[in-house]
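As structure tokens, the structure follows; a few thoughts come after it.
The values are calculated or read from the model by the stated rules, or taken from the named source; none is laboratory data. Here the structure is a predicted model, which means the values were calculated and not measured. Note: ideal-geometry Cβ built from the backbone for every residue, glycine included; neighbour counts use all protein chains shown. Calculation scope for accessible area: heavy atoms of the full protein, side chains included, ligands and nucleic acids excluded. Shrake-Rupley method; radii C 1.70, N 1.55, O 1.52, S 1.80 Å.
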Amino acid sequence: MKYAAILTQYIKASGLSLNELCMKLTERGTPIDRSYISKLKNGHKVPANDDISQALAEVTGGDADELIVAGFMENAPQQLKKPIQEIDFFLQDTLDMVRRSTDRQLLQQSIAAIAAAEIKNEYFKKIVNEVHGDLEIGDLQFSLSIISTVGIEMLSLHDKLTLTTTVLKIYRNMEEITQIKNYRLNHTPDMPTFSSYDKPNHFLVGQKSLERIDEFEFEFLAQCLTALRNQKKAWERETNTNQLINQ
């Protein structure tokens, strides 16, 4: 949301008139002119500095972080805005992948995890808490779609980062469960054990088990595997050469 829209929302929710707001700001030790506040809330002035935004949020009972970040986003140069805006795309894409699941229990767990996340925005929390766990798969998927839209449109940067972290954990958990299910379906006890690596998900498979490995371990094992394969080729070439000589 824009700085002016957030400030207008805070002032309206506080029930204070502009004159009353000015009085409270003066009592706080941050005197601000009534006309300046009016121009801020109507978008006729660029967002105020952090100190004034902090004061306006505190006096109206709003979220200071949300107002300050909104002001930063409007005042910041484009090269700084772009990485922050990428969070919206990442959040939407990750939530879309989560809501495509057809596992009802996983969808229920996803919504429960989002509800438990430490997000400050009361409107967002209200929407999430109104989603009933006994809904059918299609309704749970639709609810996650609404959560995604509201989260991107209304949450502060701090809340978005919290939501993104929560959703990413959900997605990774879903991926891990899927990997394990697929492994169990495709491998029976009678099959020989083997070792291989899966680069996109960084899993090491061996001895009928599935283990997550980190980036460093993956690179090390990949290099070892490449070296082993090259050595095997050298041994094969040497063996073939000796066989020809002995003939």
So if I check each of Ile127, Ile119, which one is under 18 Å from Thr162 (Cβ atoms), assigned to a loop (DSSP other than H, G, I, E, B), at pLDDT 85 or above and within 21 Å of the chain's Cα centre (by Cα)?
Ile119
Determine the pairs where a residue that is under 22 Å from Met73 (Cα atoms), located within the range 83-108, has a partner that is surrounded by 14 or more Cβ atoms within 10 Å (Cβ to Cβ) and at pLDDT 85 or above with Cβ atoms under 6 Å apart, the partner being 6 or more residues away or on another chain.
Leu91/Thr164; Gln92/Ser148
When you go through Val131, Val150 one by one, which is the residue that is β-branched (Val, Ile, Thr) and within 30 Å of Leu40 (Cα to Cα)?
Val150
Looking for whichever is part of a helix (DSSP H, G or I), farther than 14 Å from Leu157 by Cβ and at pLDDT below 90 here; the options are Gln79, Gln9, Gln85. Which one fits?
Gln79
Here the residues within the range 130-146 that are under 17 Å from Leu163 (Cα atoms), aliphatic (A, V, I, L, M) and surrounded by fewer than 17 Cβ atoms within 10 Å (Cβ to Cβ) are Ile146
Counting only residues that are surrounded by fewer than 18 Cβ atoms within 10 Å (Cβ to Cβ), closer than 21 Å to Ala76 by Cβ and not β-branched (Val, Ile, Thr), how many does the range 32-49 have?
5
Quick check on my filter: what residues within the range 21-43 are without any contact (Cβ under 8 Å) to a residue 40 or more places away in the chain, in a loop (DSSP other than H, G, I, E, B) and either in contact with a Gly (Cβ under 8 Å, 6 or more places away or on another chain) or within 17 Å of Gln9 (Cβ to Cβ) (or both)?
Asn42
Residue count for the range 50-71, restricted to those that are open to solvent by 80 Å² or more (accessible area, probe 1.4 Å) and either farther than 20 Å from Lys2 by Cβ or modelled with pLDDT of 90 or more (or both):
2
What about Ser110, is it crowded, with 19+ Cβ neighbours inside 10 Å, over 30 Å from Gly138 (Cα atoms), among the polar types (S, T, N, Q) and modelled with pLDDT of 85 or more?
no
Can you confirm whether the range 15-31 contains a residue that is β-branched (Val, Ile, Thr), in contact with a helix residue (DSSP H, G or I) (Cβ under 7 Å, 6 or more places away or on another chain) and open to solvent by 80 Å² or more (accessible area, probe 1.4 Å)?
no
Only residues in the range 57-74 that are in a loop (DSSP other than H, G, I, E, B) count as the first member; pair them with residues that are open to solvent by 40 Å² or more (accessible area, probe 1.4 Å) and modelled with pLDDT under 85, Cβ under 9 angstrom, at least 6 apart or cross-chain, and list the lot.
Asp63/Lys120; Asp63/His158
